1. Listed residues B:Glu274, B:Glu254, B:Glu269, B:Glu197; which is in contact (Cβ under 8 Å) with a residue 24 or more places away in the chain and surrounded by fewer than 15 Cβ atoms within 10 Å (Cβ to Cβ)?
2. Take A:Tyr169 and tell me if it is facing chain B (nearest Cβ under 10 Å), assigned to a helix (DSSP H, G or I) and among the hydroxyl-bearing types (Ser, Thr, Tyr).
3. Could you list all residues from region A:59-101 that are under 24 Å from A:Phe229 (Cβ atoms), of a type in the set (A, V, I, L, M, F, W, C) and outside any strand (DSSP E or B)?
4. Any chance region B:309-318 includes a residue that's within 29 Å of B:Glu161 (Cβ to Cβ) and not aliphatic (A, V, I, L, M)?
5. Would you confirm whether any residue within region A:95-103 is more than 10 Å from every other protein chain (Cβ to nearest Cβ), under 16 Å from B:Gly115 (Cβ atoms) and free of Cβ contacts under 8 Å to residues at least 40 places away in the same chain?
6. Among the residues of region B:136-152, is any without any contact (Cβ under 8 Å) to a residue 12 or more places away in the chain and hydroxyl-bearing (Ser, Thr, Tyr)?
7. Which one is farthest from the chain's Cα centre (by Cα), of the residues in region B:225-242 that are of a type in the set (Gly, Ala, Ser) and either under 27 Å from B:Glu269 (Cβ atoms) or buried (at least 20 other Cβ atoms within 10 Å of the Cβ) (or both)?
8. Among (1) closer than 27 Å to B:Ile50 by Cα; (2) surrounded by 13 or more Cβ atoms within 10 Å (Cβ to Cβ), which single condition is B:Ser325 missing?
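The values are calculated or read from the model by the stated rules, or taken from the named source; none is laboratory data. Small disclaimer: the values here were computed from a predicted structure and weren't measured. Methodologically, a virtual Cβ is constructed for each residue, glycine included, from the backbone with ideal geometry; neighbour enumeration extends over all protein chains shown.
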2 protein chains.
Amino acid sequence: MKDEVMYSTREIQELVKSSFESELLLIGNKKPAGLYQPICYALQNGGKRIRPTLVLLACNLFTDNIRKAFPIALATEIFHNFTLLHDDIMDKATVRRNKPTVHVKYNENTAILSGDAMNILAYEYLSRSDNETLPQLLELFNKTALEVCEGQQLDMDFESEPLVSIDDYINMIRLKTAVLLACSLKSGALAACAPEEDTELLYQFGINIGLAFQLQDDLLDTFGDKKVFGKNIGGDILCNKKTYLLLQALNVSEGRKKKELLDWISRKEYIPQEKIESVTSIYNDLNIKHITEEKIDAYHRQAINDLNRVRVPEFRKEQLFNLTSEMMRRNH
Amino acid sequence: MKDEVMYSTREIQELVKSSFESELLLIGNKKPAGLYQPICYALQNGGKRIRPTLVLLACNLFTDNIRKAFPIALATEIFHNFTLLHDDIMDKATVRRNKPTVHVKYNENTAILSGDAMNILAYEYLSRSDNETLPQLLELFNKTALEVCEGQQLDMDFESEPLVSIDDYINMIRLKTAVLLACSLKSGALAACAPEEDTELLYQFGINIGLAFQLQDDLLDTFGDKKVFGKNIGGDILCNKKTYLLLQALNVSEGRKKKELLDWISRKEYIPQEKIESVTSIYNDLNIKHITEEKIDAYHRQAINDLNRVRVPEFRKEQLFNLTSEMMRRNH
């Protein structure tokens, strides 16, 4: 009864955790310490390890032997943390997961160079995959990695653009966030030599989950519960961040309401709490919370539909369904 | 008479040039322009394209069909230019090959992100190699790329270390400069499915050429002819750069001479031309030019010895011998 030894999400998370711990020991012993210690620091500061978990869950859909997907799981998580490290320099962020960012704890040059080494290290892990699947994995990973850079560039471009369309915004978050989740799922399936149609469905599943997840992040920044969300509420409003909420509000508002919103955006001086409350109140008048929830649900439904069509027994999909529902249920 | 269609170095340089030009057109058309234009800018600003030339010359030792080494040639040159781009940020360099550096022409965030994309792009080109050779090529490239980062870290570490041994210095320039030349040669040979012993000899040839080349760079910075060297003479002396010359001078000097040298290093105020002349005069008293030339010649002889042992007909090695002699004959 091979199927009975399928892994639970909890077990997979434990596997990810322990495999990271042993790799970090190896990386931490490499010289020069000035290069590798910051890498350990960045990787130790765990987070939820969503991407490697998705790699292994996707692999486990098709086979109980998920060992061969381990190099991909590690590569994907290292790559993700490399992008966070360099993004933090670009955004001048001082805190990441309650700890000083790498360029604050060390210095900016260290953060640039250690990030570069992490990008290469991700490829080193990926290259440990089986020779037969390696070309396909590399093609997917190269494409995805470039897209993540494109997404970050668009995100920076949008800051100085006066008008961003909803379509352009969705495309940006697809590149910046969704494609790496999609790549995680598809590459886990590729490691299991899954049929092409199924790997493509998992890719689409990942895109839709990623879009839903990012829109939910936008929503929670304004309408979330600080205790659950873990960040201060209203940060996006204060810095006029072009989120789905703001772009949609600019889209559906007109007349006096639109003028009021544009006025808040252009004000140089204001009392922070007043700005948050006023803009939130405009959002409420415009039904923005509901519009955003509808969009999130639509992406989530589409994702469920994608996973439903993957041709493996239903019970094998349970873990993936549960994890993504949990991700979507963060707090609203 | 297949051997007769071997390429000359000039022809290979032309091939490299035209293949770069067509790839730059493709890259320049990619969106977002904010990401890809700086990449084109960095890559257009040519230089001597030594590394891709070495890739193709090494491949051409074993086969007249050098097409399959093109992806490696492009990957290696893109990777090299990525490291220059990020090094220029770290060194706060404002000029590269007579043009503003990327972070000066654009901005630092652009330089970080476009550099990251170049690193990934290098892997994308490398991945276009034949599936059979890909795992070996990747293994070599991953190892080399990490070593280049290690070399850059050591170089930065040395700036603040009071004492650096000659051995540590040689190890640093091996990592920072020589391994990528060695990797270029070995991977060109791997693309031609050359015997392992020969690929290893070419790797060693590259290491020795790289060390000789870097030591010559140190030598020319003090003893070169400004018109030929293209940089101001004495720059290393002014900033107390721990070059082979300085480390060797500290090594062989004693008593009053050593005190005099240490005194110049520690002075906060001085007339630049006086410092250059005085330190150069100490170097002359200590015979440093001769000691360095001996070391360069030793590495060069070792390199020639490596290439001699590669088991292909002598006439096939001519281009590689000539190119490296030319590199070594820059101006002293």
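1. Answer to the selection: B:Glu197.
2. Answer is no for this residue.
3. A:Leu84, A:Leu85, A:Met90, A:Ala93
4. For region B:309-318, residues within 29 Å of B:Glu161 (Cβ to Cβ) and not aliphatic (A, V, I, L, M): absent.
5. Yes, the conditions are met somewhere in region A:95-103.
6. no
7. Across region B:225-242, the extreme among qualifying residues is B:Gly234.
8. Failing condition for B:Ser325: (2).
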